[in-house]
1. Could you tell me which residue of segment A:43-61 is nearest to the other protein chains (Cβ to nearest Cβ), considering only residues that are more than 17 Å from A:A12 (Cα to Cα), in contact (Cβ under 8 Å) with a residue 12 or more places away in the chain and in a loop (DSSP other than H, G, I, E, B)?
2. Determine whether B:S17 is modelled with pLDDT of 85 or more, polar (S, T, N, Q) and farther than 30 Å from B:R125 by Cα.
3. Give me the residue from segment B:109-130 that is farther than 21 Å from B:S169 by Cα and within 13 Å of chain A (Cβ to nearest Cβ) and, out of that set, surrounded by the fewest Cβ atoms within 10 Å (Cβ to Cβ).
4. Of the residues in segment A:48-72, how many are surrounded by 14 or more Cβ atoms within 10 Å (Cβ to Cβ) and within 17 Å of the chain's Cα centre (by Cα)?
5. Among the residues of segment A:73-91, count how many are in a loop (DSSP other than H, G, I, E, B) and under 25 Å from the mean Cα position of the chain (by Cα).
6. If a residue counts only when it is within 33 Å of the chain's Cα centre (by Cα) and within 30 Å of A:L39 (Cβ to Cβ), which helices (runs of 4 or more DSSP H) contained entirely in segment B:67-180 have at least 3 such residues?
7. Taking B:R70 as the residue in question, decide whether it is surrounded by fewer than 16 Cβ atoms within 10 Å (Cβ to Cβ) and away from every other protein chain (no Cβ under 14 Å).
8. Can you name every residue in segment A:79-96 that is without any contact (Cβ under 8 Å) to a residue 12 or more places away in the chain and loosely packed, with under 12 Cβ neighbours inside 10 Å?
Amino acid sequence: MSSFSRSAQQWATFARSWFLIDARMQPPGKIASMCSVRLQGKHKPIYHPMSDIGDHVVVMNTRHIAFSGNKWEQKVYSSHTGYPGSFKQLTAAQMHKKDPTAIIKLAVYGMLPKNLTRRTMMQRLHLFTDDVLPEDILKNLTEELPQPREIPRKLSEYTQEERDAFPMLWTPYCKP
Amino acid sequence: MTRMWRHVAGVSALLCSKSGFTGSVIMVFLTLSRWIRNRGPDRYWKVQELLKSARHFRGRKNRCYSLAVRAVRRAFVYASKARKTKRHSMRQLWIQRIAAASREQHMKYPALIHNLLKCSVQLNRRALCDLCISEPRSFKALAALACARRTEGFRAALGDGSHPPGVFSRITQPITAQHG
């Protein structure tokens, strides 16, 4: 890095990177907070709120996000256009069915700073429902970020030996 | 002379009637030329001194004295209040930058600061911010030092008594947990 010329070092420092996040089986809030940090540029030591140093973030598999708890039925997204009688409330499940990228988009929008740069940062967020990405975005990607949540294995994914080796905490009652 | 006296008396009567004071008053100005008031001789320069602070304002505030006086006073008040907020916002920016740099080194900002304090590294946030931008390897070394100090208890209890590589300290014996 120290062998770069001054202009090359400047270019490398202020270049915009493209990050990839796989949202399969991940909580959308954690994904959104990772996105918002990188869109603002807060992951860089040269951060300043006035200098436009955010990066691009590409999120794939937004259709397969996983809310914890009962949020699919209990979390409500409300909207009002201002006209009388147009107050709409949708549960997270209904919202997701209508538009699979809306949950993450709204989450990131709420986490960004509430100023005029927010819209520019949202334009740098690219959401895709599945893992099929267009060519031009694939060419731009520089780094994949690790997933925030470790995906637990299903019971069917454990081998019989692992199941037998698991300590027995109590003997289940079986009717004779 | 008598003509001047009469003139003066007439004028004084007029003035007294206007102000509502009805008494016999003799005004001091004996000739017409002495009615001319001579105020401060340097008004032009005083006005210019104020307007020079207002030249970059928008609208008539940068030209007209009465409007400029109010605008300049507000500007100076804002400048005074901002001196304190400048210090506050500079510190906030340093903390954000140090947090970003320490997350690059797999540490969090509170852990870094607390452990550097425990190692009695008395670098303030301004110095740490300058280091993390212009001396990244020095900052990496500081982060390693803080990480080593942070895990000292764990290593004493669970480790094999060896020191982490690359971290200099005054401890020369192997680390053992000192429990009673």
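The values are calculated or read from the model by the stated rules, or taken from the named source; none is laboratory data. Note that this is a predicted model, so its numbers are computed, not measured. Positions of Cβ are generated from backbone atoms using ideal geometry, with glycine treated the same way; all protein chains shown enter the neighbour counts.
1. A:P49
2. On the way: modelled with pLDDT of 85 or more: no; polar (S, T, N, Q): yes; farther than 30 Å from B:R125 by Cα: yes.
No, not satisfied.
3. This residue is B:D130.
4. 16
5. Of segment A:73-91, the ones in a loop (DSSP other than H, G, I, E, B) are A:75, A:81-86.
Next, only the ones that are under 25 Å from the mean Cα position of the chain (by Cα) stay: A:75.
Of the residues in that region, 1 qualify.
6. Output list reads B:109-118, B:125-134, B:136-150.
7. On the way: surrounded by fewer than 16 Cβ atoms within 10 Å (Cβ to Cβ): yes; away from every other protein chain (no Cβ under 14 Å): yes.
Judged against the criteria, B:R70 is a match.
8. First, pick out the residues of segment A:79-96 that are without any contact (Cβ under 8 Å) to a residue 12 or more places away in the chain: A:79-88, A:94.
Answer for segment A:79-96, where residues must be without any contact (Cβ under 8 Å) to a residue 12 or more places away in the chain and loosely packed, with under 12 Cβ neighbours inside 10 Å: A:S79, A:H80, A:T81, A:G82, A:Y83, A:P84, A:G85, A:S86, A:F87, A:K88.
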